[in-house]
Structure formats: structure tokens, C-alpha cells
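Chemist: Here's a structure for you.
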Amino acid sequence: MRRTIALILALTAIFSFAGCGGGKAPDEPAPAPAETPAEAAAPADAPAIPGLTYVSAMEKRYAVQFDVYYYEGGYKYLAIGDGNDYLIVPEGKDAPQGLDSSVKVLRQPLDRIYLAATAGMSLFDAMDSLDVIALTSLNAPDWTVENAAAAMERGEILFGGKYSEPDYELLMDADVDLAIENTMILHSPKVIDMIERLGVPVFIEYSSYEPHPLGRTEWIKLFGAMIDREEQAEAVFNEKVKIMDKIESFPNTGKTVAVFLIDTSGKAQVRSSDDYISRIIEIAGGRNAFSYVTVEDSGRTNVNMTMEEFYATAVDVDYLIYNASGYSGGVDSLEKLLEKSELLADCKAVKEGNIWWIGGETYQRADKLSDLIADVHRMLTGEAGEMTFLHKYQ
Amino acid sequence: MEENNRIPNSNFRRRARYEAVFIGLLLAAAVIIVLNINIGSVPIPIRDIARVLFTRRGDVSQVNIIWKIRMPRILTAALLGGALALSGFLLQTFFSNPIAGPFVLGISHGAKMVVALAMIYFLSVFGYMSSFVLVAAAFLGSMLATGFILLMSRRIPNMSTLLVAGIMVGYICNAVTDFVVTFAQDSDIVNLRGWSLGSFSGMSWENVRTAAIMTLLTAGLVFLMAKPISAYQLGENYARSMGVNIKLFRFALIMLSSVLSATVTAFAGPISFVGIAVPHLIKRFLNTSRPIVVIPACFLGGGVFCMMCDLIARTAFAPLELNISTVTSVFGAPVVIVMMLKRQKERSHG
């Protein structure tokens, strides 16, 4: 009887321990609990936000000027290359206590945006999201993004004044909840101060500082995160970068290309080697003829030089592309180009008929930079296909 | 006997004229303030405006528009317009030159030079420039130019020569600015041109407070100098004989005028023609150059003129905003031309 009771007690003890202890031997390390997204290890640079649990980081392919970190509850942290950080707070929720005061809070829904960063319009358009844009800093005729111009004609998007002197009353009347500016606004600090004083957060986008041209296109994902349309943004981006799968392994043709313009004072301007147009030439399989032209700070695009210096290099370049935008616009024929400088007639590219031009519509189309890469590739290889941005001088 | 009766009559008429001008200016100021509050890109019903003004309650966007956008702007335009007109009057008196204006001594060029340097330095090193830095840079540049002028005024007793020296200081500052801009990327100084045309956009209540302290204090000091200015108008020798310390007087006049125009430049950028045109208009209306009357009238008149021009600048082509100097030039330049023609006519008849 006693043995039976002892056996029962021993078995009971054993099973009790088993239920409590998980069945492990005391000196074995505890098995790791099943990993859940909520407990995934945060990368070293993911900010620790009090009260928020890290979930994941946005995967990027080319962009280096932003990172997006996701946290439980729909919170998103945007870390931008200039050091400014933003926390997107979902609708109906509060910003976490103890959030660093330098982090700007963007409260969703962000659907009444004043868009003064012109590069962003094509990205919002590409993900069918012009409905979140309330005002812009360009008038309808100045947009080459057709849907944006049409929306302005219909009165769905209003002109809110130039970025350097916005109409603050219209911003207030339109209940703007976010102002997206580009780095030009840094020259007008009074505007930033005034917009923020009116209770509208200012987001400065740094897509122009992306070293890879498709990094600029990838900013569509950040904008998608702002308005909870990540899936659309991802789908658009993946479609746009398909060209890279085709040409990434394409051997460089070794042919030289120069993108230039002649300004009103007769000086030549070429793209610096760090500029995204110069990178496009390299990616598409060419060599930037002015690769020796470098500048100290990123973000700079054009470099002035005398015609003499320009001619010394351009005379032997295989392909010339004239930048016919802004004050150099309207040069859509070879005659008009040669009026700017007779020296061009002696250039190899002109003699061989390899002289092209690119219009101002390119610079608003961050969504179509892959098309420009494809254009330059076709120009270099002679492949058949319709050009999107490049036009050949006849 | 009749002559004695005529003198009180002329005094009475003169005083009546002064009163009429001041009442007219005050009425004009009231009307323009009301118009400025009522007119803008966003139409707001008058009863809503009144509710916001007197109770600070109402639709959030309406409260913001009236209290954070329109009111600070109106008050800044009034204060800085008055400062410019007063500065112009002082310099026209000092140089006995009808086209001497607040920026003839190179103040605006000095401000632009330092603002350009600040833009290039701060944006390339820090990637950002705050409004405080912009305001401080403009003020510093203005006072640097003033410092040069004061140094030169100790060695140059002749007023015309000093005026030329001031213009030369302006040219030097312009040359330095152009030199620096040559090496700068266009994007670094893209808004320098816009700044140099002036604007009252984006003014805050803090700007109003600072501008009010600086301009009203300085204007008060100018008013206290009405008597020595009045003596100086009759000639340096006469002023000296009346006990005016000419050296100290010159220093004070240049300094006060420069502080007034430096304050304007710091907050709103250089604004042309207000300082040249308004003193002439005021003297014509009052039919006198007596400082004790002209000083307050100039301040009031400058405020009215600037508020009117700013209303046009921000509403004529809204939401696009004209630079304030564009509008003040359109209205101010004809005044200067008419004044010059009348002066020529008087000289030829004299």
C-alpha cells in the first residue's frame, strides 16, 4: 500500500514538474521561444522608441537616403539622410510618451498634402494616389505629369503659391496636414517656420541626393508608407526596375556620352560625375565623357565651363545629348542648336548624326527614370524601340 | 494791425492743415487695416472676422488665417513702412538731397552681401539655415555698411562726398556678393534674388514684437531730435550757433537712420522707394518741413503706404505673391519723378 502511494506520489511529482518545467534538464539552456514578428531582433540602427515594439524594416534596393521601420500598432519611423526623423502615428492613436522631441510626428490620415517637391508628384501619380494631394507649388501648365495637370484643371488639386512664397491662407483653408518640400526650402527658412507655426508638419525629401537614379524612384515606397499604400508602391517600383534585370549584366560599350547645355551667357554646363544623369549613362552601358568633373558636395548637378574647355572634350565624344529644358529650352532642331555655338558642328557626334536632346519633362518624372536608362541603352546599342525622353536631332 | 491779424490766421490755417493731414492719415490707416484684415486668398465673412478678432474663437483655420497670417503681416508692414519713411526723411535732411533714401549709404547692399555669405556657409556646412540666422545676417550686414560710413564721415566733412562714398560702399558690397555668387551653386543662392526684393510674408508675432521695440524706440529718439534737426535744416553754421554739436548730431542721425533701415532689411529685406517717396508726399501734404510735425507724419504715412502696397502685392495675383519692392516702385517712382519735375519748375521760375 505504502509502495503504491509512494509510486503515485512520485508519478504525480514527476508529471507536475513536467508540466511546470517544460521537461528540460536543469543544466540545459532553455530552448528559444518560437520567433514571432513582434520579437524579431531589431537592426542596430532601428531606433528604440519607448512604448513601441519593433516589427521590421522596409527592404530597399537602391535608395540610401531613407529608412522606414515598422512598429506594432501601425506606427512607422522614417529616418531621413539629413538627420531629420519622423514618426507616423496611425489614425486615432497617440504619439508614444517619451518620444525624442526632435522627432516630428505625422498623424494619419495624411490625405491633404501640400506637395512642393515636384519630384514627388509622379510617384504619387504612379501609385494612383493624387487624391491625397490638396495643393502644389506649380501651376497646371507647368506640370508634365498629365494626371496632375488634369486634376488641377478640374479643381481637385489647387495651386498653393511658389514653394518659396506659399499662400498660407490657402494652406489653412485646405486643412493641409503635411507639407512635402524638397531641399530648396532650406534656402527659405522663414517658410518652414511659418508652415510649422500654423500647425502643419514639414517633411523635406532628399531623393535628389540618391546616388543611384533608381534610388529616386524608390522614394515611392516611403510615400506609400506615409499614406498606407505600400503594396501599390512596391508593385510600381518592382515594375519600374525590371529594366535593371536586363541590363545590369550588360557589358559597357565604352562609348562616350556627354549631356550638356549652353546658357544665355554662352557658357557650357555639363552634369557633374556624381549627378544621376551621369550615373544613368554608366548604367545604360556608356561612359560619361566629363567624368573628371566632380564637385565636393552631393546634390549639385550642373558645372559651368567655358566653351573652350567644353569643346576640348566634346569634339571627340561619341554621343552628345543637349539638355533642352528651362532657359535652354526650345532647342528642338539642329539649326537652333548650332546657333548657340558653331563649334558644335565640328564635333564627331554631330558629324555622325549622334546628337540627341532631352526635354524638361524628364525632370519631373522620378517614376520613369528606368525609361530614361532604357532610352540611353537603346541609343548606345541601336536596339529597336520607342524612346520615351530622348529625341534625335535630324 | 491787419498784419497782426493775418499772423494768427495763418497759424490757424497751418494748424488746421496739420490736423487735417493727421486725421486723414489716421483714417487711411484705419481703412487700410480693415481692408487688409478682410481681404485675402480665403474669403472670410465679416462677422466671423469680428468674432475672431474680439474673442479669438471660431473655425481653427479662420483663427490661424487672421491671427497668425494677416495680423502679424499688417502690423509688421505698418511698423517697417514707418521706419523706412522716417529713415528716408533723416537722410534727405542730412544730405539736403531729395533722392537720398534709406539704402543710399549701401545698407541694403551690405545686408545682401552678408546674407549671401551666410546662405552659402550655413547650407554647405550645416545643410540648413534658420530664420534667426537670416535676420541676424541681414542686420549685421546693414550695420557693417553703417560702420564704414561712420568711419568715413569722420574724415569727410562734405555731404555730397559722403553720399558718393556711401554709394561706393554699395558697389563694393555688390562686387563681393557677385564674386561669392560666382563660385556658389545656383541652388545655394537661388532665393537671394527673391530676398533682395523684399517681402512681408511669413511674419510672426515675435517679429512684430522685436520690430516694434526697435522701430518705436528709435523713432522716439528721432522725435526727441526734432529741434536740432530743425536747426540743421537752416544750415550747419546756424545749427552750430544754436548749440548743436554737429559731430555728435551727424553720428546720431546716421546711426538712427541706419538702425531703422537695418531693422527693415533684417525682417523684410530691402524695400525700395518708400524711404524716398513718402517723405516728399508728407511734406507736400503738410506744406512744411518742420521736423516736429513731419517726423510723426512720416512714420504714419510710411506705415499707410507700405500696408497699401503689401495688400496689392499679396492679393493682385494671388496665390502668386509679388515682391513688395515691385509694388512700391510702381507707386513710389512716379512720385519721385513728379517731385523732380516740380522742383525743376520751381527753380526755373525762381
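None of the figures in this text is laboratory data; all of them are computed from the coordinates on show. Model, not experiment: these values are computed from the prediction. Note that each Cβ is placed from the backbone with ideal geometry, even for glycine, and that neighbours are counted across all protein chains shown.
Chemist: Hey, what did chain B get for relative contact order, percent, Cα under 8 Å, at least 6 apart?
Modeler: It rounds to 29 percent for chain B.
Chemist: Please give the charge dipole size of the stretch B:177-297, origin at the Cα centre, charges +1 on K and R Cβ atoms and -1 on D and E Cβ atoms. Round to the nearest 20 debye.
Modeler: 720
Chemist: Under unit Cβ charges (Lys, Arg +1; Asp, Glu -1), what dipole magnitude, rounded to 20 debye, does the stretch A:251-392 have relative to its Cα centre?
Modeler: 140
Chemist: Please state the relative contact order of chain A as a whole percent: Cα pairs under 8 Å, 6+ residues apart?
Modeler: The normalised contact order for chain A reaches 12 percent.
Chemist: At q = 0.05, 0.06, 0.08 Å⁻¹, what log₁₀ I(q)/I(0) does the protein assembly as shown have when each alpha carbon counts as one equal point scatterer in the Debye sum?
Modeler: Calculated log10 I(q)/I(0) at the listed q: -0.36, -0.50, -0.80.
Chemist: Mind ordering A:46-59, A:366-379, A:126-139, A:152-165 by average Cβ neighbours within 10 Å, highest first?
Modeler: Descending mean neighbour count gives A:366-379, A:126-139, A:152-165, A:46-59.
Chemist: In the neighborhood of B:Leu90, defined by Cβ-to-Cβ distances under 15 Å, what is the net charge if each Lys or Arg adds +1 and each Asp or Glu adds -1?
Modeler: Residues close to B:Leu90 contribute a combined charge of +4.
Chemist: How large is the charge dipole for the stretch B:71-349, taken about the Cα centre, if only the Cβ atoms of Lys, Arg (+1) and Asp, Glu (-1) carry charge, to the nearest 20 debye?
Modeler: Using only the charged Cβ atoms, the result is roughly 1040 debye.
Chemist: When Cβ neighbours within 10 Å are restricted to other protein chains, what is their mean count per residue of peptide B:197-203?
Modeler: Mean inter-chain Cβ contacts per residue within 10 Å come to 4.
Chemist: Can you pull the Kirkwood radius for chain B, inverse mean 1/r over Cα pairs, to one decimal in Å?
Modeler: For chain B, the Kirkwood estimate is 21.4 Å.
Chemist: A further question on this structure: What ranking, highest mean first, results for peptides A:234-245, B:231-242 when packing means the other Cβ atoms within 10 Å averaged over each residue?
Modeler: A:234-245, B:231-242
Chemist: Based on other C-beta atoms within 10 Å, arrange A:Met194, B:Met168 from fewest to most.
Modeler: Taking fewest neighbouring Cβ atoms as first place, the list is B:Met168, A:Met194.
Chemist: Moving on. Where both residues lie in the stretch A:251-392, what percent of DSSP beta bridges are antiparallel, nearest 5?
Modeler: Given both bridge residues lie in the stretch A:251-392, the antiparallel proportion sits at roughly 45 percent.
Chemist: Take the Cα gyration tensor of the stretch B:235-350, multiply each eigenvalue by 5, square-root it, and list the three semi-axes largest first, rounded to whole angstrom.
Modeler: Largest first, the stretch B:235-350 gives 30, 21, 12 Å.
Chemist: Just to be sure I understand: of the beta bridges DSSP finds with both ends in the stretch A:54-240, what percent are antiparallel, rounded to 5?
Modeler: So the antiparallel bridges amount to about 50 percent of the total.
Chemist: Something else: Report, as an integer, the average count of C-beta atoms from other chains found within 10 Å of each Cβ along A:179-192.
Modeler: 5
Chemist: Given 0.36 nm per residue, what is the gain on full extension from A:Ser341 to A:Met307 after removing their alpha carbon distance, in nm?
Modeler: 11.4 nm
Chemist: Still on this structure: For B:Leu79, A:Leu320, which order do you get if you count the other beta carbons within 10 Å of each Cβ and list the fewest first?
Modeler: Ranking B:Leu79, A:Leu320 by Cβ neighbours within 10 Å, fewest first, gives A:Leu320, B:Leu79.
Chemist: Could you work out the relative contact order of the stretch A:184-333, using alpha carbon pairs under 8 angstrom and six or more residues apart, expressed as a whole percent?
Modeler: It comes to 21 percent, rounded to a whole number.
Chemist: Within 10 Å of each Cβ in peptide B:55-63, how many partner chain Cβ atoms are there on average? Round it to a whole number, please.
Modeler: If you average over the peptide's residues, the count of other-chain Cβ atoms is 2.
Chemist: How big is the antiparallel share of DSSP beta bridges in the protein assembly as shown, given as a percent to the nearest 5?
Modeler: Within the protein assembly as shown, antiparallel bridges account for around 45 percent of the total.
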